[in-house]
Amino acid sequence: MRIALITDAWHPQVNGIVTTLASLAKALEGLGHAVEIFGPDRFRTWPCPGYPDVGLSFLCGPRLRPLLEAFRPDAIHIATEGPVGYAARRYCRHRGLAYTSSFHSFFDEYLKLRIGFPLWISRTYLRWFHRRSARVLVGCESLAKILQSRGFRRTALWLLGVDTELFKPGDKTWLSLPRPVFLYVGRLAVEKNVEGFLRLDLPGSKLVVGDGPQRAELQARFPGAQYQGYRRGAELARCMAAADVLVFPSRTDTFGLAMLEALACGVPVAALPVPGPLDVVRSGKVGILDEDLKAAALGALALNPDDCRRYALGFSWASSARSFLAQLVPCGLGAARLKA
């Protein structure tokens, strides 16, 4: 099968959507499918306000259409609701092509937190964007229930995975910080509630891996934490494995891939009992969920790293790719290619 993945989030951006789509594409190709990513790297971009490392490809439709037609996909999946996703949706609607989409982030809540943008406007847009999708893929059951309560139709579960060859238990001695080491991994932005982690009164050390618009402010307010900036691939896995607990303070993530990556490294999770953590951390043997995040972090120290690793081994990208394939629908362009 020839599969077109449409996304506004792609390299050099560093976030969960990019990691998810790159891992998915690799797994799909491993199963014998042809995958092409149509992201902002193919078009002229403008910096996103507040996120200069994120490029927005406005008015990319005229260039996207011939690229899609040249590829002749059997299935089209629109992963994001930004300018590239919008252009792909418009093209599919104009041509009468079927497509699927996925819901990865509560952008409505991000906009509300960042600039006070009214929730009802952004939620109306998101509902409209996904309204004609044959299926709206979501990473967990709690997210599906939230979207259904907001008027989304045809939601379908797409289980995500983790690279257990890259993320695995490793040496902790290279990190010369007082133990225990409590780790945060992710974007440094208001919607991630990083402050909720940094202001906890915890023993040992706090390690922050990531970057974003809040970094300067957080470093000034919480100078006692160690800030590593972005880490990718083996460097990220090394940092993960060296920690004692991953603290995941976000209330707005729809899944939270970092939690699975930490568990694969044998590192237990401390998080709030909200959608995302509730779906990833389904066993009290691998993580503690509590509104008292300090209590969760301290409680997680007593968990067995071997239980965390065994739990993560149940999530593979090959299984995720099969789950994804089961939800795709023929778009129509592939059939035209076969007739030509």
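The values are calculated or read from the model by the stated rules, or taken from the named source; none is laboratory data. Quick caveat: nothing in here was measured; it's all calculated off a predicted structure. Because the Cβ atoms are built from the backbone with ideal geometry, glycine has one as well, and the counts that use them run over all protein chains shown. The area values use the complete protein model at the heavy-atom level, side chains included, leaving out ligands, DNA and RNA. Shrake-Rupley method; radii C 1.70, N 1.55, O 1.52, S 1.80 Å.
Place a +1 charge on the Cβ of each Lys and Arg in the chain and a -1 charge on the Cβ of each Asp and Glu, then give the dipole magnitude about the Cα centre in debye, rounded to the nearest 20. Kindly include the intermediate steps, with their values, before the conclusion.
Numbers: 43 positive and 29 negative charges, 284 e Å.
That gives a dipole near 1360 debye.
Strictly over 27 Å apart at the Cα level, which of Lys168/Lys192; Lys26/Lys206; Lys26/Lys112; Lys192/Lys285; Lys112/Lys285; Lys26/Lys294 would you flag in this model?
Details: Lys168/Lys192 25 Å; Lys26/Lys206 33 Å; Lys26/Lys112 35 Å; Lys192/Lys285 25 Å; Lys112/Lys285 35 Å; Lys26/Lys294 38 Å.
In this structure, Lys26/Lys206; Lys26/Lys112; Lys112/Lys285; Lys26/Lys294 lie more than 27 Å apart at Cα.
Ranked from largest, the principal axis spans of the Cα set of segment 139-290 equal 50, 34, 27 Å.
Which value, in debye to the nearest 20, describes the size of the charge dipole of segment 188-340 about its Cα centre when Lys and Arg Cβ atoms bear +1, Asp and Glu Cβ atoms bear -1, and nothing else is charged? Mind dumping the intermediate values first?
Working: 17 positive and 15 negative charges, 133 e Å.
For this selection, approximately 640 debye.
Just check segment 43-131 against the gyration tensor rule for me: Cα atoms, a ≥ b ≥ c as the square roots of the eigenvalues, rounded for a/c under 1.5, and otherwise prolate or oblate depending on whether a/b exceeds b/c. The shape class here is oblate. Highest-first packing order for the peptide set 319-326, 245-252, 69-76, 196-203 is 245-252, 69-76, 319-326, 196-203, based on the mean count of other beta carbon atoms within 10 Å. Quick check: from the Cα gyration tensor, does segment 106-178 come out rounded (a/c under 1.5), prolate or oblate? Judged from the Cα gyration tensor, segment 106-178 comes out oblate (a/c at least 1.5, b/c at or above a/b).
What value does segment 245-324 have for Rg/Rh, both radii from Cα atoms and Rh as Kirkwood defines it? Don't skip to the answer; put the middle values down first.
Numbers: Rg = 12.0 Å, Rh = 12.4 Å.
Radius of gyration over Kirkwood radius for segment 245-324 works out to 0.97.
Of the peptides 273-285, 255-267, the order by per-residue mean of other Cβ atoms within 10 Å, starting with the highest, comes out as 255-267, 273-285. Note that the chain presents 43 Å² accessible area per residue, ligands and nucleic acids not counted, probe 1.4 Å.
Across segment 185-263, the mean sequence separation of Cα contacts (distance under 8 Å, 6 or more residues apart), normalised by length, yields a relative contact order of 37 percent. Using θ = phi - 60° in the Karplus curve 6.51 cos²θ - 1.76 cosθ + 1.60, the 3J(HN,Hα) couplings for segment 232-246 round to 10, x, 4, 5, 5, 4, 5, 5, 4, 5, 7, 7, 9, 8, 8 Hz; x is entered for Gly and Pro. With the charge dipole of segment 1-101 set up from +1 on Lys and Arg Cβ and -1 on Asp and Glu Cβ about the Cα centre, the Cα lying farthest toward the positive end among the listed residues Met1, His11, Pro47 is that of Met1. Between amide H atoms placed 1.01 Å from N, distances below 5 Å from Val54 occur with Cys48, all of them 5 or more places distant or on a separate chain. The smallest convex shape that holds all Cα atoms of segment 229-274, its convex hull, gives 83 Å³ per residue. For the pair segment 107-121 / segment 49-88, the C-alpha centres are spaced 23 Å from each other. Relative contact order, whole percent, for segment 87-221 stands at 18, derived from Cα pairs under 8 Å and 6 or more residues apart.
Ligands, DNA and RNA left out, the accessible area of the chain computed with a 1.4 Å probe is 55% carbon and sulfur.
As a test of the definition: which semi-axes, in Å, follow for segment 1-94 when you take the square root of five times each eigenvalue of its alpha carbon gyration tensor? Largest first, please. Spell out each step's value before the answer.
Values: eigenvalues 88, 61, 18 Å².
After scaling each eigenvalue by five and taking roots: 21, 17, 9 Å.
Only the Cβ atoms of Lys and Arg (+1) and of Asp and Glu (-1) were treated as charged; on that basis the dipole of segment 35-166 about its Cα centre amounts to roughly 860 debye. Projecting the Cα atoms of Leu246, Trp128, Ser283 onto the dipole axis of the chain, where Lys and Arg carry +1 and Asp and Glu carry -1 at the beta carbon, places Trp128 farthest toward the positive end. A simple rule links phi to the HN-Hα coupling: the Karplus curve 6.51 cos²θ - 1.76 cosθ + 1.60 with θ = phi - 60°, which for segment 249-260 gives x, 5, 10, 10, 6, 8, 8, x, 4, 4, 5, 5 Hz, with x for Gly and Pro.
Dipole of the chain computed with +1 at Lys/Arg Cβ and -1 at Asp/Glu Cβ about the Cα centre; of Tyr230, Gly151, Val209, farthest Cα towards the positive end is Gly151.
Note on the chain: the C-alpha convex hull projects to 16.5 nm² when averaged across all orientations.
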